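These notes concern the structure reproduced below.
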Amino acid sequence: MEGVTAPLSLEVSKLAFAYPDGHQALFGVDLALAAGERVALLGPNGAGKTTLVLHLNGILGGGHGTVRVAGLPVDRGNMAEIRRRVGIVFQDPDDQLFMPTVREDVAFGPANAGLRGAALEERVREALERVGMTAYADRPPHHLSFGQRRRVAVATVLAMRPEILVLDEPSSNLDPASRRELADILRSLDVTVLMVTHDLPYALELCPRAVILSEGVIAADAPTAELLADQELMASHRLELPFGFDPGSTRR
Amino acid sequence: MGAGHSHKLYRHGHSVVHRLPAHCKLAAVFCFVLVVVSTPRTAMWAFALYAALLGAVAAAARVPAGFLAKRLLIEVPFVAFAVLLPFVAEGERVDVLGLSLSVNGLWGAWNVLAKGTLGVAASVLLAATTELREVLLGLQRLGLPSLLVQIAAFMLRYGEVITDEMRRMRLARLSRGFEARGVRHWGVLAKSAGALFIRSYERGERVHLAMLSRGYTGAMPVIDRITASRAQWSYALALPALALVVCVLGWTL
């Protein structure tokens, strides 16, 4: 694989986790992302995708195995730094945007990290600029369209200058135009991206590499186009392409 | 500020009153109400002066009388019982238009009505010239416990989200032919309320996760620190100060 010499943004090794009710969600996950890589995390419902994501910034933990973000292990001692390095964009922007105005929401993360005054303003402006939402800084989030809210949600984590951006179903509920706008934004960023999605064409469009998480383990790890073309593999993990979509025909 | 901020009570403007820092206005209104309620009810002229003071504030804020009057209607259900007082109160009675009314009750009704109306009018003026978000910042600045401010801020943020969810649930019920017509249907409404509660509770958990993910440790960072100059304080406190003079005169004259 290329980029072996580059520092790893994310290194998950032998990660296993069972919920307190006894349900085991992860059975030894190994995953490594090089800096600047964009990787799609695919898998059927209930495969443990959300559980894995919540391990990346230490919200869940205490199971077996380790997670490292840019070399720093995820543990209690360095949680503040880990949460700064791992930016999670949740599926419902209404869960993510909880402050009265867009500006305050984008400022929330960096302010928790201790930034104040002009430095904070500058960070907010820069993050909003990167998602093209500068004009909406003083609006309350609930008066924005869904696509705009998703973009602001991305800005809220970009403002923390994360090492890795983790997106949970970034294309869900977006109309085609907002979907394309978000794709343009994600492509323009120079951060490592892990994208959890059911939207296979979107994964193909944005991520050169894809992994399949199935029944708590990584079942496949390959270039996205190759993976989507493997019908047998896809079918065995309940992954289906939209009607009429041929991954071979859109190869660039 | 964006037009999106506005709530129904707020009236967008750039008057002196609009520009005063929220915590000055909050303090002024609070003190004004305290002074008004401690005025003897027999000093009727004092209440007229209070009303004139509020009228001056409204003029300075360029809030039209009609706007103010319409929003004053909110007090109607609260003062309704004041109307009953003259009929039910004990003591000496007088005849007005053939009705036997209690003198004590009349004074009581006047007391509730006058003080209530002045208090509501002051609050309406505050709400008309201050955005809700600024009210919260002002309360925070005045030292209200940050937990209470956070709760209020979340109510402000998620009120509409939850109302929207409620509206969708109502539409879903209607679409399947349900209409609440009587007691027999209360069960369904109760279940909807329960479902809404659980959904909101789960959303609360998700919001908390999102907050933790961005480094929340229990305290909201203070991003906007509002400050007031001496001039702004003295301008805002002119209202309760003048009212206090009237009140003192009311007791001594």
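Using the structure shown, decide if B:E160 is closer than 30 Å to B:H23 by Cβ and surrounded by 12 or more Cβ atoms within 10 Å (Cβ to Cβ). It is true that B:E160 is closer than 30 Å to B:H23 by Cβ and surrounded by 12 or more Cβ atoms within 10 Å (Cβ to Cβ). Among the residues of segment B:135-162, those identified as part of a loop (DSSP other than H, G, I, E, B) and without any contact (Cβ under 8 Å) to a residue 24 or more places away in the chain are B:G143, B:L144, B:P145. Looking at segment A:35-73 only, could you name the residues that are assigned to a loop (DSSP other than H, G, I, E, B), touching a Lys or Arg at 6+ places or on another chain (Cβ under 7 Å) and among the hydrophobic types (A, V, I, L, M, F, W, C)? Result: A:A70, single match. The combined condition, being β-branched (V, I, T), more than 14 Å from chain A (Cβ to nearest Cβ), over 20 Å from A:F90 (Cα atoms) and surrounded by fewer than 10 Cβ atoms within 10 Å (Cβ to Cβ), is fulfilled by B:V183. For segment A:83-100, which residues satisfy the criterion of being part of a helix (DSSP H, G or I) and either modelled with pLDDT under 90 or at the interface with another protein chain (Cβ under 7 Å from one of its Cβ atoms) (or both)? Listed by number, the residues that qualify are A:R83, A:R84, A:D94, A:D95, A:Q96. Which of the following residues is free of Cβ contacts under 8 Å to residues at least 60 places away in the same chain, touching a His at 6+ places or on another chain (Cβ under 8 Å) and not β-branched (V, I, T): A:D138, A:D95, A:D175? Of the residues listed, the single one that is free of Cβ contacts under 8 Å to residues at least 60 places away in the same chain, touching a His at 6+ places or on another chain (Cβ under 8 Å) and not β-branched (V, I, T) is A:D138. The residue pairs whose first member lies in segment B:57-86 and is touching a residue at least 24 places away in the same chain (Cβ under 8 Å) and surrounded by 13 or more Cβ atoms within 10 Å (Cβ to Cβ), whose second member is in a helix (DSSP H, G or I) and of a type in the set (S, T, Y), and whose beta carbons are closer than 9 Å, counting only pairs six or more residues apart or on different chains, are B:V57/B:T129; B:A61/B:T129; B:V63/B:T129; B:L72/B:T117; B:E75/B:T117; B:V79/B:T117.
Residues being surrounded by fewer than 17 Cβ atoms within 10 Å (Cβ to Cβ) and more than 26 Å from the chain's Cα centre (by Cα): count how many of those fall in segment B:213-228. Quick ask: steps written out before the conclusion?
From segment B:213-228, those surrounded by fewer than 17 Cβ atoms within 10 Å (Cβ to Cβ) are B:217-219, B:222, B:224-227; that's our starting set.
From what is left, the residues that are more than 26 Å from the chain's Cα centre (by Cα) are B:217-219.
Qualifying residue count for the region: 3.
When A:A80 is tested against (1) out of contact with any Ser or Thr (no Cβ under 9 Å at 6 or more places or on another chain); (2) within 7 Å of chain B (Cβ to nearest Cβ); (3) surrounded by fewer than 23 Cβ atoms within 10 Å (Cβ to Cβ), exactly one condition is not met: (1).
Going through segment B:19-66 one residue at a time, which ones are in contact with a Cys (Cβ under 7 Å, 6 or more places away or on another chain) and either under 12 Å from B:L126 (Cα atoms) or small (G, A, S) (or both)? Passing the criteria: B:S38, B:A46.
The values are calculated or read from the model by the stated rules, or taken from the named source; none is laboratory data. Keep in mind the model is a prediction, meaning the values are calculated, not measured. Virtual Cβ from ideal backbone geometry, glycine too; neighbours counted across all protein chains shown.
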